[in-house]
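Peer 1: Quick one: this structure, given as structure tokens, is what I'll be asking you about.
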Amino acid sequence: MKRILIPVGEYTDPTPLIKLTEIIKDLESVEIVLFGVVSIPFTTSLEQEEIRNTEPYIRIRDKLEEVSQFFRSLGLSPKTRIVVSRDVPEAIIEEALSEEYDLIVLIKRLKPPRFVRRSVSQAILSKIPSPLLILTMD
């Protein structure tokens, strides 16, 4: 195994990722990419530099730093990447298809909030050819 993609949302709890140390042998030799998506409305231009100063961007950036710190505490050095998109599942699918990843790790809530009609994992499950590992958080 060479590369793992881990999409990170603003509510992602990194604790379930400890299971990767149990599942993947020689995790130190694997490139881990933490991937954050800033979702913006259709009325906002995707090219605006000011997006980096918005609250949604800052929340994703801070969450990526929190998850990075979690991995660093395990002696690992993940890479981080933030993209701006109108649709989170489509951004994850595009990243997964544009790069060579050996595994995609999704962290899913055990019980999604009632206002959520569909999950990111459901939206991408059939569209990504790489193996998927779905971990649950409380």
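Peer 1: Quick one: count up the residues across the stretch 49-64 that are surrounded by 14 or more Cβ atoms within 10 Å (Cβ to Cβ), out of contact with any strand residue (DSSP E or B) (no Cβ under 6 Å at 6 or more places or on another chain) and not basic (Lys, Arg).
Peer 2: Selection size over the stretch 49-64: 1.
Peer 1: To continue, here is another question. Taking into account only those residues within the stretch 1-43 that are in a strand (DSSP E or B) and more than 17 Å from residue 91 (Cα to Cα), which is nearest to the chain's Cα centre (by Cα)?
Peer 2: Per the criteria, the residue is 32.
Peer 1: Here's something else I'd like to know. Quick one: residue 21 ticks every box in (1) at pLDDT 90 or above; (2) more than 25 Å from residue 122 (Cβ to Cβ); (3) not acidic (Asp, Glu) bar one, so which box is it?
Peer 2: (1)
The values are calculated or read from the model by the stated rules, or taken from the named source; none is laboratory data. As the structure is a computational prediction, the values presented were derived from the model and not from experiment. When we count neighbours, we look across all protein chains shown, and the Cβ atoms used for this are built from the backbone with ideal geometry, even at glycine.
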